[in-house]
Amino acid sequence: MSHDVIVVGGSYAGMAAALQLLRARRRVLVIDAGQRRNRAAAASHGFLGHDGRDPAWIANVARSQLERYPTLTWIEGAAVAASGARDEFAVETSDGADHRGRRLLLALGVSDTLPDVPGLAERWGRSVFHCPYCHGYELDRGDIGVVATGPMSVHQAKLLPEWGRVTLFANGVLDLDPQTEEALSGRGVAIERASIARIEGHADVVLADGRRLGFAGLFTASRNAPSSDLADRLGCELMDTPMGTQIRTNEAKETTIAGVFACGDAARVPHSVSLAVGDGAWAGAQVHQSLVFPPAA
């Protein structure tokens with residue numbers, strides 16, 4: 001069976017895109033490996049109409065709504081290979097099946113590279129976060145720690161005093177010049193230069209010198225990259241951002257390969273559920289229009 005559009009990735013951006021296409025009565029295949037980026041989080045915040053909801057609940061309701069449309073096909077599995085050109089794409093799934101489609105939409109999501117600090121990864125999404133707009137309010141103006149990863153951590157530390165008293169842990173990766181230190185001090189940010197030994201308890205930072213500092217929550221600027229190399233293998237151009245690597249797209253969310261589109265965290269910064277949904281909705285409409293109108297000469 002040939003589909004109008006194959007969407008690789010069935011999280012928020014992929015489903016938002018698929019919804020636009022299904023409502024245009026297009027045949028849509030969604031291939032989803034079931035690895036939502038926020039699967040460790042207990043609540044999603046900042047998404048209008050769903051503030052404080054379990055992110056799994058939001059995803060499950062969205063999928064149930066998509067499944068009301070008869071032109072949807074949903075496959076639970078990983079897309080392991082993709083090839084072809086505009087109007088003639090092929091995607092292979094982990095079960096060895098081959099799927100054909102006229103357009104390909106990559107809603108791959110991203111992987112997060114976290115600081116190599118014992119105990120930090122286990123708390124990711126629970127008491128260690130990346131987005132203050134998503135998680136800052138719930139810290140109730142408590143003490144906040146920022147575990148540095150690079151220059152973006154300075155930006156993060158300057159922003160976070162809106163939500164509580166902030167300590168920036170340079171942790172051997174930041175060499176702060178006097179001007180930057182002054183700017184941080186002006187925002188009330190304390191700077192801690194001792195190395196971090198580990199994270200314990202809810203969000204306790206144990207330093208190499210033995211001190212233990214407790215926080216309501218910790219933030220860190222993870223480095224991102226698309227969670228699959230499908231875009232790279234298709235020949236899509238990637239680009240560097242302050243947060244990592246993403247798929248380059250134009251205003252219509254089309255990549256540098258004709259007929260291949262991308263949306264969501266793998267194709268934009270910054271990241272949140274609401275931004276992913278908006279990006280996906282726009283991408284879905286643009287993919288549909290590419291099926292209706294011939295490409296510009």
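State yes or no: is Ala17 of a type in the set (A, V, I, L, M, F, W, C), at pLDDT 95 or above and touching a strand residue (DSSP E or B) at 6+ places or on another chain (Cβ under 9 Å)? Against the criterion (of a type in the set (A, V, I, L, M, F, W, C), at pLDDT 95 or above and touching a strand residue (DSSP E or B) at 6+ places or on another chain (Cβ under 9 Å)), Ala17 qualifies.
Taking the stretch 78-134 and the strands (runs of 3 or more DSSP E) fully enclosed by it, the elements with 2 or more residues that are of a type in the set (S, T, N, Q) and surrounded by fewer than 20 Cβ atoms within 10 Å (Cβ to Cβ) are at 110-113.
A count restricted to the stretch 27-41 and to residues that are part of a loop (DSSP other than H, G, I, E, B), of a type in the set (A, V, I, L, M) and at pLDDT 90 or above stands at 1. Residue count for the stretch 99-121 under the criterion of being free of Cβ contacts under 8 Å to residues at least 12 places away in the same chain and among the acidic types (Asp, Glu): the result is 1. Restricting the first member to the stretch 14-34 and to residues that are outside the structural domain of Asn60 (by TED's automatic domain parsing), and the second to residues that are surrounded by fewer than 24 Cβ atoms within 10 Å (Cβ to Cβ) and part of a helix (DSSP H, G or I), no beta-carbon pair is closer than 9 Å while six or more apart or on different chains.
If you check Gly235, Gly259 for being assigned by TED's automatic domain parsing to the domain that holds Thr93, touching a Phe, Trp or Tyr at 6+ places or on another chain (Cβ under 9 Å) and either on the phi > 0 side of the Ramachandran plot or among the aromatic types (Phe, Trp, Tyr) (or both), only one passes: Gly259.
Among the numbered criteria (1) outside any helix (DSSP H, G or I); (2) free of Cβ contacts under 8 Å to residues at least 60 places away in the same chain, which single criterion is violated by Leu275? Looking at each condition in turn, Leu275 falls short on (1). Looking only at residues in the stretch 212-252 that are free of Cβ contacts under 8 Å to residues at least 40 places away in the same chain and of a type in the set (Lys, Arg), which one is farthest from Ser11 (Cα to Cα)? So the residue we want is Arg212. Any residue at all in the stretch 2-11 that is acidic (Asp, Glu), part of a strand (DSSP E or B), at pLDDT 95 or above and farther than 30 Å from Glu122 by Cβ? Yes, some residue in the stretch 2-11 is acidic (Asp, Glu), part of a strand (DSSP E or B), at pLDDT 95 or above and farther than 30 Å from Glu122 by Cβ.
The values are calculated or read from the model by the stated rules, or taken from the named source; none is laboratory data. Owing to the predicted nature of the structure, the values given are computational and were not obtained by experimental measurement. Ideal geometry is used to build each Cβ from the backbone, glycine not excepted, and the neighbour counts take in all protein chains shown.
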